[in-house]
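What follows is a short report on a single structure.
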Amino acid sequence: MYNQSEFGNLENYLLEKKSFKKTSCEHTLNTYVFTGEVELKKHRFKKFSLLLINTYDEKALEILSKFFFLLCITIALVTIINFLGNDIADWFYILGIVFSLIPLIISLCIQNVLEYYQDTFCKKCGNKLACEEVGEPIMKETSSFGDYTLTVTRHWKCRYCGNVDTRESSENIFAEQGEMLPAVSLKGIECRKCGGIGTIVETKRPDIKEIGKKRLTRRYYNCTLCDHEDISESEEITFHGTHTG
Ligand SMILES: [Zn+2]
Ligand SMILES: [Zn+2]
Ligand SMILES: [Zn+2]
């Protein structure tokens, strides 16, 4: 175990996620397990979702989402084929791109609606728009020498039958092991416990996760002199939007 101050930036991160609650770390021989509280799930475009869910069932929403996705690909292909084939005007090309993006956006919106549908659907009594999130959602991270995984556990209570469903998911949070720092970059670092300089080594590959626009890197250090373990988490803002949580 290590004390709370060693979390550094992780504390700030959790503060922002919610008023500070305890995060704990447990490690057995080769595996570190971090558990901490996170925020209740926020659904976007709620009114739009309610409207669609009241009108369509799950199957219809899935079909709609697929239809718009295929429409996007079709328009994009037609545009490309025309572009390669003839001397088409630039405006046609630009128009094709714009018209292929619109169904893509619609498809992604419906995906979002589907998520809301699944979150609020009660599997026990079969009512839609029935469940509400209750209790405290917990994020659990497991990091070993070869693997890093992350899951979020949430509780959903049905307002019709009272059933509480506990669901675990990775919530599409990007999580992977990164690369260790070159040994040279640790040369000037001082051990926080014994003050030894150049005695710190990185013991395993870092954990990297992306939540929203934040990319958090957790590194594991050990002092070769006093055996002090230091786990630090730092964040940086990412500007690419490829994997958002
Ligand atoms: Zn520990
Ligand atoms: Zn129910
Ligand atoms: Zn030391």
If you find the alpha carbon centre of segment 33-73 and of segment 152-202, how far apart are they in angstrom?
28
Let me check against my output: what whole-number percent is the relative contact order of the chain, with C-alpha pairs under 8 Å and at least 6 apart?
16
Could you tell me which Cys residues in the chain have no other cysteine's Cβ under 4.7 Å from their own Cβ, answering none if every one has a partner?
25, 72, 109, 131
When each of 59/124; 124/213; 41/124; 157/209; 66/140; 41/66 is checked by Cα-Cα distance, pairs over 27 Å
124/213; 157/209; 66/140
Measuring from the longest principal axis of the C-alpha atoms of the chain, the long axis of helix 90-120 (C-alpha) lies at a number of degrees, nearest 10, equal to 70
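Could you sort the peptides 214-223, 146-155 by per-residue average Cβ neighbour count (10 Å cutoff), highest mean leading?
Working: 214-223: 18.5, 146-155: 15.9.
Sorting 214-223, 146-155 by mean packing, highest first, produces 214-223, 146-155.
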Kindly provide the Kirkwood hydrodynamic radius of segment 46-120 in Å, to one decimal, from all pairs of distinct alpha carbon atoms.
13.5
Note: residue 42 to residue 66 extended length (0.36 nm per residue) minus current alpha-carbon separation gives 6.2 nm
Taking the inverse of the average 1/r across all pairs of different Cα atoms in the chain, what Kirkwood radius in Å do you get?
21.7
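Within the chain, what's the longest run with no GluC sites (Glu not before Pro) in a DSSP loop and at most 14 other beta-carbon atoms within 10 Å? Give the range, please.
Numbers: sites that count: 39, 179.
Formally, the longest exposed-site-free interval is 40-178.
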Before anything else, pin down the relative contact order of segment 46-120: Cα pairs under 8 Å, at least 6 apart, normalised by residue count, whole percent.
50
Please report the carbon-and-sulfur percent of the accessible area for the chain; probe 1.4 Å, protein heavy atoms only, DNA, RNA and ligands left out.
59
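On full extension of the chain, what length is gained from residue 171 through residue 35, given 0.36 nm per residue of separation minus the C-alpha to C-alpha distance? Before the final figure, lay out each step's value.
Details: separation 136, 0.36 × 136 = 48.96 nm, distance 1.57 nm.
Taking 0.36 nm per residue and subtracting the Cα distance, the gain is 47.4 nm.
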Ignoring ligands, DNA and RNA, what accessible area per residue does the chain give at 1.4 Å, in Å²?
60
Between helix 58-85 and the chain, what is the angle of the helix's C-alpha long axis to the longest principal axis, kept within 0 to 90° and rounded to the nearest 10?
80
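The values are calculated or read from the model by the stated rules, or taken from the named source; none is laboratory data. These numbers were taken from a predicted model, which means no experiment stands behind them. FYI the Cβ positions are ideal-geometry reconstructions off the backbone, even for glycines, and counts take in every protein chain you see. Note: areas computed on protein heavy atoms with side chains; ligands, DNA, RNA excluded. Shrake-Rupley method; radii C 1.70, N 1.55, O 1.52, S 1.80 Å.
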